[in-house]
Structure formats: C-alpha cells, structure tokens
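Enquirer: This is the structure I have questions about; it appears just below.
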Protein chains: 2
Amino acid sequence: MLKSLSTVSSGRLADGREIFWFDTDRSGDLGDSSSGGGSWRDETDRRRLPPTATTSERRWDPLLREWVTVASHRQTRTFLPADDECPLCPSTPERLTEIPGGPYEVVVFENRFPSFSTRATIPDDGVVLDPSLYVRAEGHGRCEVIVFSDDHSATFSTLSPERVRLVIEAWVARTEALNAMPEAEQVFCFENRGTEIGVTLSHPHGQIYAYPVITSRTQVMLESARRHQLTTGRNLFADVLASERSSARRVVTSNDHWTAFVPAAARWPFEIHLYPHRHLPDLPATSQEERDSLGQIYVELLRRLDGVYGIEMPYIAAWHQAPARSDRELAYLHLELFSIMRAPGKVKALAGSESGMGMFINDIAPERAADMLRSARP
Amino acid sequence: MLKSLSTVSSGRLADGREIFWFDTDRSGDLGDSSSGGGSWRDETDRRRLPPTATTSERRWDPLLREWVTVASHRQTRTFLPADDECPLCPSTPERLTEIPGGPYEVVVFENRFPSFSTRATIPDDGVVLDPSLYVRAEGHGRCEVIVFSDDHSATFSTLSPERVRLVIEAWVARTEALNAMPEAEQVFCFENRGTEIGVTLSHPHGQIYAYPVITSRTQVMLESARRHQLTTGRNLFADVLASERSSARRVVTSNDHWTAFVPAAARWPFEIHLYPHRHLPDLPATSQEERDSLGQIYVELLRRLDGVYGIEMPYIAAWHQAPARSDRELAYLHLELFSIMRAPGKVKALAGSESGMGMFINDIAPERAADMLRSARP
C-alpha cells in the first residue's frame, strides 16, 4: 500500500566517488518504495579529476576515553567559494561542478574531502603511538554531501513540502545503505547552516556521516538509558518526552506524530529537541505518515527559529539515530536542532568553561526560549 | 626561606563584591609568602551601584549526565565596550571603573555578571522540573575576574617576567581561598583571548571560577585515571607525560620542571598540554622554583602560538586542577592551551560532528602542529 515517493539513480564521479539522484516519482503508485522507480538519470561526469587521496585516522584519547579524528588532507578543502564557482550548483556546458547534468532535485554524493572514507589510509609519517596508551586506526567510514536544491540561494526552510519529503526519503535511503556497510557503526544525518558555525559552502546542503565507531555523545546517552532501564524498567528518552508533553511548559509545537520541545537542561540559547511519539530507532523505521508530518513540523521549527529575531539564524540540525548494530532498542530517534546565536550579532562561543571543562552556561532560560519560539511566526 | 613575592590588599566594591590587589613586594624577604606583606592598598569605590541580583541555577541533564548552568541575568552583560569605556582600566577622577584607585599591577574581583555566586538564587518563575528526571539547584560558587595589567593594550605574552610571576601568585592565592569555600568543588583558572572565542572585553584579563560541582570533563578524566590506577598501579597522567617525553615527537618545549607537548589525540588545530614533572594536584602545590620556571615557559608557549602564523592567535588557556576535596591524589595539575584558528582567517568552528556527536575532527596532525610550534620564534 506504500506509495513510492522517489526514484533513485546512481552513478560515479570522475574520480570514482558515488553519486545518487533522488527525484520525485511522478509515475504514480509503484509499490514498495525500496524497489525504487528505476534508474532514469544517466549523467556523465566529464571532468578529469585526480583520484582522491584520503589520509584520515582516528586516535584514542586515553584521558577522555573517546576517539579523535585527524584528517590532515582536509586543510586544503574548498572554503567559501564565490557564488559563480559553487561546486554544488548544476553543471553547465561552460562549467562542470560536482553534480553532472542539469537541474536536479536532491542529490547525494561522496564528499571529495571526507573525514571518513572506506579508502582512508594512515599517513606514512613514521609516527608510532605508545600502544599502552593509544590506538591508531584508519578513519574508515563515509562522508556524504546531501544537496537539498539546485537553487543556490534556497534554504531548507523555504523548500516545498514535496521537496522536504524527498530529502527525508534520501535520509532514510542513505541511513539504510550506510548502516549495512561493515565499516559503519553509526549514521549521522545533519545540517550546519551559517558561516558563524563554520559552513564553507553556502549552497543549501547537509551531510551524512557513517562513523566507524559509536560517538562519545551517543555512548553517554545510551549508558544513561541503560541505567534508567535497569532501575525503572522504562525507556529514558520516552520518559523525557512524556514529562515534556505532560508539563507542556517547554513544548514549542507538536502534531499527531511528533513533539518539539526545548530541553529542561538546554545548553544552547535556542535548542529544540524533536521526538517521534513512537519509540523508533531511526529514520528508516518511521512510517510514511510519520515522514509526512515530520516534513511539516521540521520546516515549521526552522521558520520559528528564523522568526525569533527575524534573521536567518545559524543552526546545527543533528539527527540522533540508533547505532547500526547495537543498542537499537535502547536508542530513540530524535532531532537536536540548536543555534549558537543568543541575540542578533551575538554568538554564544564555546569558551573556557564549555570547551575546557564541559560546563555549559546558557544565558537564556529554556522556558523563555520556548516562549520566544512559540511566539515567533512560523 | 621563601621570599614573599606579593602583597595582597583587599576591599569591597560599592555593591559589596570583593576585590583584591596583588602587588609586587619590594620590601625584601618577609618570610613565608602566605603571610603576605600586609594590606597597603586602601581604595574606595565611589560609584553608586545597585546590589547585584544573580539569578543562576544549575540543572541536571539526565541524558548526558552532566550539569548545565542557566544564568539568564548574564544576557545583558557588557559587550565589547569602546576602549574609552573599558571597565577594567584604572579609575580616573573623570571616570570610575570596576577598579577603584589609580594604576595597579594585578587585580582580582568578583564578576558583576557571574555565572556562579554564593548569593545566586533560582528565579521565581514557577517552573517545576520533573523530580524523577531532573535536579534544579542554585548556581552557587563564585566567578572572579583576574586583570593582568592596567595597560589596556597589553597581552599576557608581553607581560614582564615579574608580572607573570605575580599572576601565578594570584592564581595560587585564589585557588587556595576558593578551595576552602564550602560551595566550591573545583577551582578553574583560565583565560579566553580573542573575539573569535567570544571575549567581550579586550583588556587583558582572565577568569577564576569556583564551580559548585566537579565538571563533567574532569569527572571523565578522573574516572580514566582511576581505571588506569586499578589496572596498572600507575598514574595515567604521569604515564602520558612519560610517554611524550620519551618519544619527544610532539614535545614543543621543556625546562627543568615543565614539559609542553601537543597531545597525541589533539582535538584543536593547535593544542598544547603543559605538565609539571612532579605529580602535583594544583597550583598551590607548586614550589617557588616551579612557579619561576612556569612563568618562563608559559609566556614562551603563548609567543610560539602567536608565532605560528605571525598573528595574535585567539586561544583558551585552561588550568586543570584537582577538585577541592576529592581525588586529589588521582588528579594531576596541567594546563590545556588551545587555539581554534586553523589558518589565518580560518577558524575551526564546532559544527555538527563536534557539537552534535562529540566527535572532533582535526585538520592538522598533532605532529605537524608540534613541528610548527617548535619552528615558531618564541
């Protein structure tokens, strides 16, 4: 009974990287969406590109007990190119970009300057780390770019509902595909928006990482959930959601399937967590109905964020999904959307207390942020 | 046999906040430095200031199991004032600043917009957090400003050796005093430098926080040290230092008492950890000789950092000291000095991977950063 919403075409860029086109399927009901609608894009990358050389490694920090990635080849990556040199715009006969062919809807391709790659190698630098303290391993995994529109000046919040829905299908499809990679332990779909948070390309795009390890933040959350399960028999994330829905004090908006709230211990001036009402491990587990209502509430949240001060707010939108193969019942799909902007022109920088000690100091009370977000015109 | 290096005078600002002047003692050998040389400053704050109202609270985040501070009164704090309105310059008959009296050497006073205060109260906002998940407590503790010079345009790296030594004495004295406060669990001396990391006053100054809890980062490190102690019988920090000194690959500089190195799993483009050779809990435990050689190597490190690109680098200098009353044998005094600048004009912002997932991606290999810091003229 599911309707296919997208047609996926795949190809290879000149240096061998994979690329996928997600197009709205206008051919009607094609049955199960996973079968796709057949490959109908057949674009050729006519550039000559040297093969990508990815030197990326992860190192174990024995003091903070987490992995740190060193990707030294990224230092030369493209940095704020002029608008007419944007590598994410469609190719034209005069200028070939990362995306072969003409107009497109949603495109996903492997990052040319990835932090993680199945082809990553440790640099041949003779560095030997003391094995009694450190581990050094290839930065395996994968980094993909997801382009939301061929319109260079679009933003996620101005995409059509149909396009947003297509982005969600792309997140779902790529999460499924990457979770199946032996190198991937956790798939992370996210968008960084705004130069204030280090975005180096202004064309509307997000990223999808397949990490070779479960990230430290997820590990801490899963451990919290494990303890809560042991002591209460209940799921921690579900309890947090129920508590927020019951008090409603920090709820920004909700619909039949999703509730968005400012967390009680928000770290950022404007921080919104969006939970599905059903306990689901990840985006692929959502129903078509949940995806439809996700598209609507997601865009509403972005518009409310911009509406708080009437400016384009810098933000990070981070999808927390279950690890590929472990703790999938403990995890709970949710989005963490936050801005570092505490007032127009004033950014909350992470200074000594946050970066040095992990102690966040938030100038805006979560309840006040929720009030402001509720009052903002979506 | 110890020489008194400083004379401390104390007073109160118009709104009751404490202020301390640290002055070089020129009267010769006065015996134990802790006895001080007597109070010889007697300045009066002639301003009329309303009493400070500090609404600050800490909230327990059950997902990440750490405290988050909400200090909503800070949103109105002084933000990048014009040079002739600097609140840290000496008072003149025409303009009264935070520091009464004329020229000074080093001054410490309670922050007017503190994140933590012994007088902090929870705002009377009727917010009730679900007690099965959250804890809400006053943001007790203390935030002090330490001003390194009365010269508005000075920087730490250009201070005289004598002045640097006086700053160290002030850190020692304030750490001792704050560790003795019943509200304080951990004392944190740090400096944020540069607008890129959110510094709101350009006058050379640092900060000293007395946290009401042991910060999450310190807790993780102490837990790592505890496990290492159990399995090896040795101190983890001492092993890290020994390993770096033995390989020497990432050592930036060292002297008889201190070694500075880029950690093997550095998170930041330029990150330097400075350890004393003796296993000490905190700055008050250092000997006079260790303080003398600290002053020299600390300034050398700041100059090397500026020398890498020949620009004033933004940085965070964070002193990791033992908690006030626990794990004092496990902890190991050290400085973490790091810059977010990866190249001139290019700042490493914390984007999705770092802020969302806790996975740091560093573009500059630690060994290369060490080479660059070693080559930079101090």
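What follows draws every value from the coordinates through simple rules; no lab data is involved. Here the structure is a predicted model, which is why all the values come from computation and not from measurement. When we count neighbours, we look across all protein chains shown, and the Cβ atoms used for this are built from the backbone with ideal geometry, even at glycine.
Enquirer: Please find the FRET efficiency linking A:S326 to B:E94, where r is the Cβ-Cβ separation and R0 is fixed at 56 Å, and quote it to the nearest 0.05. Could the numbers behind the result be given before it?
Expert: Details: r = 67 Å, r/R0 = 1.20.
That pair, A:S326 with B:E94, gives E of 0.25.
Enquirer: Assume the label is 7 Å from Cα along Cα to beta carbon: what separations in nm does A:D83 have to the matching positions in the other copies?
Expert: In ascending order, 3.7 nm.
Enquirer: For the stretch A:52-144, take every pair of Cα atoms, bin their distances at 10 Å starting from 0, and report each bin as a whole percent.
Expert: 15, 35, 27, 15, 8, 1
Enquirer: Give the separation of the Cα centroids, the stretch B:273-287 to the stretch A:78-126, in Å.
Expert: 48
Enquirer: Regarding the stretch A:229-282, what's the average projected area of the Cα-atom convex hull, expressed in nm²?
Expert: On the way: hull surface 17.9 nm².
For the stretch A:229-282, averaging the hull's shadow over all directions gives 4.5 nm².
Enquirer: Below 8 Å, C-alpha to C-alpha, sequence gap of six or more: please give me the relative contact order for the stretch B:93-229 in percent. Before the final figure, lay out each step's value.
Expert: Numbers: 178 pairs, mean separation 36.8, N = 137.
This gives 27 percent for the stretch B:93-229.
Enquirer: Whole Å is fine, so just give me how far the alpha carbon centre of the stretch B:300-360 lies from that of the stretch B:136-189.
Expert: Computed from Cα coordinates, the inter-centre distance equals 18 Å.
Enquirer: Now for a separate question. Could you give me the ³J(HN,Hα) list for the stretch A:276-289, computed from phi with Karplus coefficients 6.51, -1.76, 1.60 and θ = phi - 60°, whole Hz, x at Gly and Pro?
Expert: Once rounded to whole Hz, the list reads x, 6, 7, 7, 10, x, 7, 4, x, 7, 6, 7, 4, 4.
Enquirer: Note the per residue figure in Å³ for the convex hull of the C-alpha positions in the stretch A:98-257.
Expert: Working: hull volume 32.7 nm³, N = 160.
In the stretch A:98-257, the Cα hull volume divided by residue count equals 204 Å³.
Enquirer: What are the radius of gyration and Dmax of the stretch B:6-170, computed over its Cα atoms and given in Å?
Expert: 19.1, 60
Enquirer: Compute the normalised compactness of the stretch B:217-375: alpha-carbon radius of gyration over 2.2 N^0.38 Å, N being the residue count. Mind showing how you got there, number by number?
Expert: On the way: Rg = 15.8 Å, N = 159, 2.2 N^0.38 = 15.1 Å.
Cα-based Rg divided by the globular estimate yields 1.05.
Enquirer: With +1 on the Cβ of every Lys and Arg and -1 on the Cβ of every Asp and Glu, and nothing else charged, how large is the dipole of chain A about its Cα centre, in debye rounded to the nearest 20? If you can, show how the numbers build up before the last one.
Expert: Numbers: 42 positive and 52 negative charges, 169 e Å.
Dipole about the Cα centre, nearest 20: 820 debye.
Enquirer: Given the options B:Q219, B:Q186, B:Q207, state which has the largest fluctuation in a GNM of chain B using a 10 Å cut-off (strictly under) for Cα springs.
Expert: B:Q219
Enquirer: Residue by residue through the stretch A:326-342, which ³J(HN,Hα) values in whole Hz follow from phi under the Karplus form 6.51 cos²θ - 1.76 cosθ + 1.60 (θ = phi - 60°), with glycine and proline marked x?
Expert: Ordered by residue, 3J(HN,Hα) equals 9, 6, 6, 7, 7, 5, 8, 3, 7, 9, 10, 10, 8, 10, 8, 7, 9 Hz.
Enquirer: Pop out the Kirkwood hydrodynamic radius of chain A from its pairwise C-alpha distances, inverse of mean 1/r, in Å to one decimal. All intermediate terms of the calculation are to be shown ahead of the outcome.
Expert: Numbers: mean 1/r = 0.0455 Å⁻¹.
Evaluated on chain A, it is 22.0 Å.
Enquirer: If I take R0 = 60 Å and measure r between the Cβ atoms of B:T158 and A:D42 in this structure, what FRET efficiency does the formula 1/(1 + (r/R0)^6) give, to the nearest 0.05?
Expert: Details: r = 64 Å, r/R0 = 1.06.
Efficiency at R0 = 60 Å is approximately 0.40.
Enquirer: Chain B: which residue's Cβ hugs the B-to-A rotation axis most tightly, distance rounded to whole Å?
Expert: B:L350, 3
Enquirer: Charges at C-beta only: +1 for Lys and Arg, -1 for Asp and Glu. How large is the resulting dipole of the protein assembly as shown about its Cα centre, in Debye rounded to 20?
Expert: Computed charge dipole of the protein assembly as shown: roughly 520 debye.
Enquirer: Let me ask you something else. Give the relative contact order (percent, whole number) for the stretch B:45-135; include only Cα pairs under 8 Å separated by 6+ residues.
Expert: 36
Enquirer: Suppose you put the label 7 Å out from Cα in the Cβ direction; list, shortest first and in nm with one decimal, how far B:A53 is from each other copy's label.
Expert: 6.4
Enquirer: Taking just the alpha carbons, could you work out the radius of gyration and Dmax for the protein assembly as shown, both in angstroms?
Expert: Taking only Cα atoms of the protein assembly as shown, I get Rg and Dmax of 27.0, 92 Å.
Enquirer: Then there's this: Assign unit charges at the C-beta atoms only (+1 for Lys and Arg, -1 for Asp and Glu), then state the dipole size of the stretch B:46-193 relative to its Cα centre in Debye, rounded to the nearest 20.
Expert: Numbers: 17 positive and 23 negative charges, 41 e Å.
Roughly 200 debye for the stretch B:46-193.
Enquirer: Cut-off 10 angstrom, C-alpha nodes, Gaussian network model of chain B. Which of B:G139, B:G295, B:G16 fluctuates the most?
Expert: B:G16
Enquirer: Placing the label point 7 Å from Cα along the Cα-to-Cβ direction, what are the distances from B:S132 to the equivalent spots in the other copies, shortest first, in nm to one decimal?
Expert: 4.9
Enquirer: Express the C-alpha Rg of the stretch A:287-375 as a ratio against the empirical globular expectation 2.2 N^0.38 Å, rounded to two decimals.
Expert: Values: Rg = 15.9 Å, N = 89, 2.2 N^0.38 = 12.1 Å.
The stretch A:287-375 yields a ratio of 1.32.
Enquirer: State the answer as a single residue: which of B:H203, A:A14, A:A351 lies farthest towards the positive end of the charge dipole of the protein assembly as shown, with beta carbon charges of +1 for Lys and Arg and -1 for Asp and Glu, about the Cα centre.
Expert: Value computed over the given set: A:A351.
Enquirer: Along each of its three principal axes, how wide is the spread of alpha-carbon positions in the stretch A:104-173, in whole angstrom units, largest first?
Expert: The Cα atoms of the stretch A:104-173 stretch 54, 21, 19 Å along their principal axes.
Enquirer: Of B:A318, B:A265, B:P281, which is farthest towards the positive pole of the stretch B:217-375's charge dipole, taken about the Cα centre with +1 and -1 on the beta-carbons of Lys, Arg and Asp, Glu respectively?
Expert: Checked the options; the winner is B:A265.
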